[in-house]
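The structure under discussion appears below in the form of structure tokens.
The values are calculated or read from the model by the stated rules, or taken from the named source; none is laboratory data. Fair warning: this is a prediction, and the values are worked out from it, not measured in the lab. Don't worry about glycine lacking a Cβ; one is built from the backbone with ideal geometry, like all the others, and counts go over all protein chains shown. We work out accessible area using only protein heavy atoms, side chains counted, and drop any ligands, DNA or RNA first. Shrake-Rupley method; radii C 1.70, N 1.55, O 1.52, S 1.80 Å.
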Amino acid sequence: MSRREVVEIKVGITSEHIVADTLPKLLLRNRENWGDRVAFRQKDLGIWQEWTWEDVYSEAKYFGLGLISLGLKRGETVGIIGENEPENFLSHYAAQAAGAKVVCLYPDVTPPEAQYLWDNSESVFIICEDQEQVDKALEVKDQLPRVKKIIYWDPRGMWKYTDPILMRFSEVQELGRKYDTEHPGVFEEGIAQGKPGDIAVLSYTSGTTGARPKGVIMSHGGLLDSACRVERRVIMKPFLQYLSYISPAWATEQMFGLTMGLHMPFILNFPEEPETVLENIREVGAEMLVFSPRQWESLSSTVQAKMLDGNFIQRSMYKRAMAIGTEVAQGRLAGRPAGIVARVIYPLIYLLVLRPLRDKLGLLKTISPVGGGSAMAPEIFYFFQAMGVKLRNMYGMTEIGLLTVHSGEHYSLETVGHFMQVDPAFGTPLEWRVEETGELLVRGGWGFDGYYRNAEATAERIKGDWFCTGDALALREDGEMVYLERVGDMRQLSTGVRFPPQFIEIRLRFSPFIKDVISLGDETKPFVSALINIDSETVGRWAEKRGIAYSTFPDLSQREQVRNLIKGEIDKVNQSLPSESRVLRFTNLPKELDPDEAELTRTRKLRRSFLEERFGNLINSIYEGKATFPTEVPVKYRDGRTGQVKTDVGITDTEAGKEVMK
Amino acid sequence: MVKVRRGEKLSYRLSGAARALDVEHAVILKVEDITLSFGRIKAVDGASFEARDGEILAIIGPNGAGKTSLLNCINGFYKPQQGHVYFQGKDISRLSPHKRAELGLGRTFQGLQVYEGMSVLDTIMSGRHIHMKLNPAQAFFYWPWVHKEELEHRLVVEEIIDFLEIEHIRKRPIGMLSYGLRKRVDLARALALEPKILLLDEPMAGMNLEEKEDLARFILDIHEGLGTPIVIVEHDMEVVMDIAHNIVVIDWGQVIAQGTPAEIRINPKVIEAYLGVSVT
């Protein structure tokens, strides 16, 4: 008997805690138990419109039956692309109930990327949000012979499209209604046939390693395993207000919004538009938020940026309040009392400054804010902790689910928390060990389902019955795990010193003036240096205030004053680094890094090797000790044209750099 | 509680049933031999043209050619010394601008004519005023039926906000917005009138390339989605060539050419007017 079968049997006879072993069965349960309770809310026409579980179930049912009548079979794939909207989630429910699997794409992928993912996942239907996504699908449909229909839910701008492959979401539901009268019970039968080992989702890796994205198989059992792991560790309650903002193309939202949303269930709130999210968080009174560290960072930097506009009194009040809040938060997290002064005045400060600030950010009701994906700067943590928002770090992998999380009241901000517990229904408890290279190996729980149609890549990740995470983690004495780097990313200088490039980058990125950083240094280089992508908005405003005239981004980035500003920021971070691994030289990039140019992944992670190649000559100049570098950077505009940016890039020594040069 | 299913919104039938676009269309606006002079300067000199239902008609010409003057004659700001304007077969030459607006002539302005201190929502709401049936006294006491009417208008306004994708600035004061967004609010206000024809005065002036492309998209959406005929005055030839069905070219107050973009592109008179070079 294979391991998979064992687990399936186990799930079948599980503890009463687990009520259903697939996601569609949970949907059915929610409809039966809470048919008249609110499931979805979306702001439309300026008002929060509500869907009950009954509404959601019947919408999903007729859409699912529509797909079946159009020829969808069990085990096939349905592609979805669009923002987080009710139809996006309904498409997930419908396809999975019909026994199909889902591949969800980020709304900003380019047509060739989308074509690869749809082809690799063998999608037979493509469900698009609007005209923008339909255009992508139409552009590549000739290379996708399997695709039967392209379905869209927002008809705006689609008035003149006549391609017979196109169909409206509501038309498919109409077909479903007809199909239901002719073949009653098909939808419910489909749900009953589902098994926990069925593939629910293919989630593609972001391709940071340079190779083509691989489709990670996420089965119903694996998703439910992760959901149950989180439920045991994080404060949760049924029907809490959850704001769905991160894309379901990212495995995290599959685990939270889609799986936990059905399992708990949540009230799923969908923002009106991506631009209105900050406003919507506040209107919803979101109780649970799952953001990537970048999104938490941007939330905190909106405050930082606004404080720059404040007057002296406002700024000093904010600074003082934050300092006291941070002190109290540090005490609370470490489980020791903060200083007496701080403790006494904290309630007052909270009432006057921190609570209103928290209210403005819409975090007043937030009980479970979670950050996951990559490491987060401690400053970000303290920013939210100071105002009483108990932000928690979470660590996990698409391949084996969520692994660790900050739990309880006392935890350390440098860590990613404790290992979670697995419900026995899904498998053995999680076990882990750290290799000599620093790599974390894990086994237990539902386990790794493999990469889709890629046995070779699957085998690479498996060592006996252990799964190789490829991440370097360290265990602390108190049992919390510290995330260091990707194993391949810890780097050594030619002097033999090892340094943590990500740590440097994260710390620098916390500066409101810096948007992205690439830290340089390897066996061929004697010291650490950095390429900086300044934040045009905040630096622009900073320059305006000081009457510094500039024309374009390249011009702004190379201004003497701006270079000095950035130098100051780097000097600050250097103080917390050991002297051998400090940043000695840096340069401001004359253009912004852009996912459209493959410099960043869609989750805004840096494509390191690509960048080092693209800026190769500039990097050489830094290490040759030159002070300027004349360059021409190719730029691809959104409308497809290309151009050249010509400029002299200045290379600056930091204080630490000046000392060494002497 | 207003419950509207996505895609079933009224906005897609704001101006009545969407018209089939490829049928032969009636003339909706006819300008006949308009002459307007300021003292001895002839701003418009005997201009005549027709706009058909369901088309985008562009009026182009070099700076100072008399395009805006012509538009002002159509919507009644200027009273031409000679000539007639017919709207849906009716002579409207003697009507005041607000009467013409009530008939269904919506327009936007070249310079921004928006209330800086008002919110976006209120500004667009102000475009609804010709559809409001209640008087100030009733509004003051805010009877239940006033509330009901307010809701109806708000629904239309929200649909326009959705249509032009300005949800995120709904409650901001106009004075805080960028130029491109103000222009979009101006357009939203014109749409709130539920115009039977939309007159746009240099909507792209002062915009960057991306803003221009966005706006061109919105103009096409209004045309395709609402079926509203549009007269667009513009001196940026390139954008106009891409979106207009027919073009009227004006120079020195006179119509010097009329036709499809392809015809206009090769018309020697147009090339001369634009480049100032004689090609004969």
Search segment A:611-655 for residues being hydroxyl-bearing (Ser, Thr, Tyr), surrounded by 11 or more Cβ atoms within 10 Å (Cβ to Cβ) and at pLDDT below 80, and hand back the single one that is farthest from A:THR601 (Cα to Cα). A:THR647
Scanning segment A:98-153 residue by residue, those within 24 Å of the chain's Cα centre (by Cα), in a loop (DSSP other than H, G, I, E, B) and farther than 16 Å from A:VAL78 by Cβ turn out to be A:TYR106, A:PRO107, A:ASP108, A:VAL109, A:THR110, A:ASP130
Looking only at segment A:580-592, which residues are surrounded by fewer than 21 Cβ atoms within 10 Å (Cβ to Cβ), under 13 Å from A:LEU531 (Cα atoms) and not basic (Lys, Arg)? A:GLU592
Could you please find all residues in segment A:28-45 being within 13 Å of another protein chain (Cβ to nearest Cβ) and open to solvent by 20 Å² or more (accessible area, probe 1.4 Å)? A:VAL38, A:ARG41
From A:LYS141, A:LYS136, which residue is under 16 Å from A:ASN88 (Cβ atoms) and either assigned by TED's automatic domain parsing to the domain that holds A:ASN84 or touching a residue at least 60 places away in the same chain (Cβ under 8 Å) (or both)? A:LYS136
Subset of segment A:143-162 that is within 14 Å of another protein chain (Cβ to nearest Cβ) and among the basic types (Lys, Arg) - its residue that is least open to solvent (accessible area, probe 1.4 Å): A:ARG156
Need at least 3 residues that are of a type outside the set (A, V, I, L, M) and open to solvent by less than 20 Å² (accessible area, probe 1.4 Å) per element, so show me which strands (runs of 3 or more DSSP E) inside segment A:388-463 make the cut, counting only ones lying wholly within it. A:392-397
For segment A:169-178 the number of residues that are within 14 Å of chain B (Cβ to nearest Cβ) and either touching a residue at least 40 places away in the same chain (Cβ under 8 Å) or open to solvent by 50 Å² or more (accessible area, probe 1.4 Å) (or both) is 5
Checked A:ALA305, A:ALA321 against criteria (more than 14 Å from every other protein chain (Cβ to nearest Cβ), part of a helix (DSSP H, G or I) and touching a Ser or Thr at 6+ places or on another chain (Cβ under 9 Å)); the one match is A:ALA305
Would you say A:PRO86 is within 25 Å of the chain's Cα centre (by Cα) and open to solvent by 10 Å² or more (accessible area, probe 1.4 Å)? no
Does A:GLN575 satisfy being loosely packed, with under 13 Cβ neighbours inside 10 Å and either in contact (Cβ under 8 Å) with a residue 24 or more places away in the chain or under 21 Å from A:ALA377 (Cα atoms) (or both)? yes
Qualifying positions in segment A:179-204 - open to solvent by less than 40 Å² (accessible area, probe 1.4 Å) and either out of contact with any Phe, Trp or Tyr (no Cβ under 9 Å at 6 or more places or on another chain) or closer than 28 Å to A:PRO595 by Cβ (or both): A:GLY185, A:GLY190, A:ILE191, A:GLY194, A:GLY197, A:ALA200, A:VAL201, A:LEU202, A:SER203, A:TYR204
Among the residues of segment A:332-351, is any assigned to a loop (DSSP other than H, G, I, E, B), open to solvent by less than 40 Å² (accessible area, probe 1.4 Å) and within 14 Å of another protein chain (Cβ to nearest Cβ)? no
Among B:LEU198, B:LEU187, which is the only one that is within 25 Å of B:ALA47 (Cα to Cα), hydrophobic (A, V, I, L, M, F, W, C) and either within 14 Å of another protein chain (Cβ to nearest Cβ) or surrounded by 22 or more Cβ atoms within 10 Å (Cβ to Cβ) (or both)? B:LEU198
Cβ pairs under 7 Å, 6+ apart or interchain, first in segment B:203-226 and in contact (Cβ under 8 Å) with a residue 60 or more places away in the chain, second open to solvent by 40 Å² or more (accessible area, probe 1.4 Å) and part of a loop (DSSP other than H, G, I, E, B), ordered by first then second residue, are B:ALA205/B:GLN110; B:GLU224/A:TRP159; B:GLU224/A:LYS160; B:GLY225/A:TRP159
Hey, can you tell me all the residues within segment A:178-237 that are at pLDDT below 95, among the hydroxyl-bearing types (Ser, Thr, Tyr) and either over 30 Å from A:ARG607 (Cβ atoms) or assigned to a helix (DSSP H, G or I) (or both)? A:SER226
Could you tell me whether B:ALA262 is outside any helix (DSSP H, G or I), of a type in the set (Gly, Ala, Ser) and either over 22 Å from B:GLY104 (Cα atoms) or within 12 Å of chain A (Cβ to nearest Cβ) (or both)? no
Can you tell me how many residues within segment B:67-122 are crowded, with 22+ Cβ neighbours inside 10 Å and out of contact with any strand residue (DSSP E or B) (no Cβ under 9 Å at 6 or more places or on another chain)? 0
Quick check: is even one residue across segment B:46-55 in contact with a His (Cβ under 9 Å, 6 or more places away or on another chain), more than 14 Å from every other protein chain (Cβ to nearest Cβ), at pLDDT 50 or above and part of a strand (DSSP E or B)? yes
By residue number, the members of segment B:221-236 that are under 21 Å from B:LYS67 (Cβ atoms) and either within 14 Å of chain A (Cβ to nearest Cβ) or modelled with pLDDT under 85 (or both) are B:ILE222, B:HIS223, B:THR228, B:HIS235, B:ASP236
What number of residues within segment B:124-180 are among the aliphatic types (A, V, I, L, M), under 23 Å from the mean Cα position of the chain (by Cα) and more than 14 Å from every other protein chain (Cβ to nearest Cβ)? 3
